[in-house]
1. Among the residues in segment 106-123, are any free of Cβ contacts under 8 Å to residues at least 40 places away in the same chain, surrounded by 20 or more Cβ atoms within 10 Å (Cβ to Cβ) and under 13 Å from the mean Cα position of the chain (by Cα)?
2. Go through GLY8, GLY21 for me and flag whichever is touching a strand residue (DSSP E or B) at 6+ places or on another chain (Cβ under 8 Å), buried (at least 20 other Cβ atoms within 10 Å of the Cβ), touching a residue at least 60 places away in the same chain (Cβ under 8 Å) and closer than 30 Å to GLU105 by Cβ.
3. Which of the following residues is in contact with a Leu (Cβ under 8 Å, 6 or more places away or on another chain), among the aliphatic types (A, V, I, L, M), assigned to a loop (DSSP other than H, G, I, E, B) and at negative phi: VAL113, VAL137, VAL147, VAL109?
4. Among what's in segment 156-172 and is in contact with a helix residue (DSSP H, G or I) (Cβ under 6 Å, 6 or more places away or on another chain) and not aromatic (Phe, Trp, Tyr), pick the residue that is surrounded by the fewest Cβ atoms within 10 Å (Cβ to Cβ).
5. If ARG88 satisfies every condition in (1) part of a loop (DSSP other than H, G, I, E, B); (2) surrounded by 15 or more Cβ atoms within 10 Å (Cβ to Cβ); (3) in contact with a Lys or Arg (Cβ under 7 Å, 6 or more places away or on another chain) but one, which is the exception?
6. Scan segment 24-39 for residues that are assigned to a loop (DSSP other than H, G, I, E, B) and surrounded by fewer than 16 Cβ atoms within 10 Å (Cβ to Cβ) and jot them down.
7. Can you tell me which of PRO42, PRO63 is surrounded by fewer than 20 Cβ atoms within 10 Å (Cβ to Cβ), free of Cβ contacts under 8 Å to residues at least 40 places away in the same chain and either of a type in the set (Lys, Arg) or outside any strand (DSSP E or B) (or both)?
Amino acid sequence: MAKLIYTGICSIDGYIADPLGEFNWSAPTPQVHAFINDLERPVGACLYGRRLYEVMAVWEDMPLDGLSAEEQDYAQVWRATEKVVFSRTLGHAASARTRIQREFEAEWVRRFVAESPTDVGIGGAQLAGHAIRAGLVDEFQQFIYPVHVGGGKRLLPDGVRFDLELLDERRFDNGVVYLRYSLRR
């Protein structure tokens, strides 16, 4: 059975963007990028919030010349993934293999994941927060960067409790730590 997996890059204090909305501190090194590519490769579909989708959509048409091997690999992985964007305002999708869902409906997501032949990723803190509150997220994959940003947009939602079981961990040369958890049901 497919799993719904929330992967995020965050600061040591749990933020995906600082108070000004900046996240340039989270650019992955080649080592981290290659690891992320390997995590994303078997994921056949990804659910995105509009803002994250708009950031990620650059991978659709980005010329591969001049990119690192890891970036070229990621572009191919991203382009091959089915994408569902949850947005009330997005007029049209800027990428192939993409459809728009106007409302978050927990039952629709549950059915989509259950019918998927592969694991499904979810991205965007607000969208993931809805899925977490609905008890839909099966795994959490966090890349924790050694920077304290002091506020901003949180990776995980406030006001909800869940218990996790550590499945995997890895430390990278740049001080980034990867943690993979499953939800204890």
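1. no
2. So the residue among GLY8, GLY21 that is touching a strand residue (DSSP E or B) at 6+ places or on another chain (Cβ under 8 Å), buried (at least 20 other Cβ atoms within 10 Å of the Cβ), touching a residue at least 60 places away in the same chain (Cβ under 8 Å) and closer than 30 Å to GLU105 by Cβ is GLY8.
3. On inspection, the qualifying residue turns out to be VAL137.
4. Residues of segment 156-172 in contact with a helix residue (DSSP H, G or I) (Cβ under 6 Å, 6 or more places away or on another chain): 157, 160, 172.
Those left that are additionally not aromatic (Phe, Trp, Tyr): 157, 160.
On the way: PRO157: 14, VAL160: 11.
Step by step, filter segment 156-172, then rank; the result is VAL160.
5. Condition (2) is where ARG88 drops out.
6. Scanning segment 24-39 gives ALA27, THR29.
7. Answer to the selection: PRO63.
Only the coordinates and a few stated rules stand behind these numbers; no lab work does. As the structure is a prediction and not an experimental result, all values here were calculated from the model. Please note: Cβ atoms are built from the backbone with ideal geometry, for glycine as well, and neighbour counts cover all protein chains shown.
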